[in-house]
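Reviewing the structure listed below.
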Amino acid sequence: MAIKIESDVSGSMWKLIAQPGDMVEADAEIAIIESMKMEIPVIAPRAGKLARFLVAEGEAVAEGQVVAEIE
């Protein structure tokens, strides 16, 4: 079962750090959202394989929106 990762803020997906298929550690930065000229990291809540991103770089992101999934 995939774990959904939600955005903590509204903004735009500035940079995808990890790639789908990558194994990530708990608390690893997998992406960065730009909000009000601040860079907010998207953190993996647990270790696992990054299944997919649901937004691309440059896309708008709403607070609470699911942006990625970890298997």
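Here are some notes:
- Under 5 Å, built H, 5+ apart or other chain: amide partners of Glu6: Val67
- For the chain, averaging the sequence separation of C-alpha pairs within contact (under 8 Å, six or more residues apart) and dividing by the residue count gives a relative contact order of 44 percent.
- Residue-by-residue Karplus 3J(HN,Hα) for the range 58-68, coefficients 6.51, -1.76, 1.60, Hz, glycine and proline x: x, 7, 6, 10, 9, 4, x, 6, 6, 10, 7
- Nearest-20 debye value, the range 3-70 charge dipole, Cβ charges on Lys, Arg, Asp, Glu: 160
- Correct choice for Rg/Rh (Cα atoms, Kirkwood Rh) that was computed from the model, options (i) 1.46; (ii) 0.93; (iii) 1.02: (ii)
We did not get these values from a lab; they are worked out from the coordinates using the rules stated. Being a predicted model, the structure only gives us computed values, none of them experimental. Don't worry about glycine lacking a Cβ; one is built from the backbone with ideal geometry, like all the others, and counts go over all protein chains shown.
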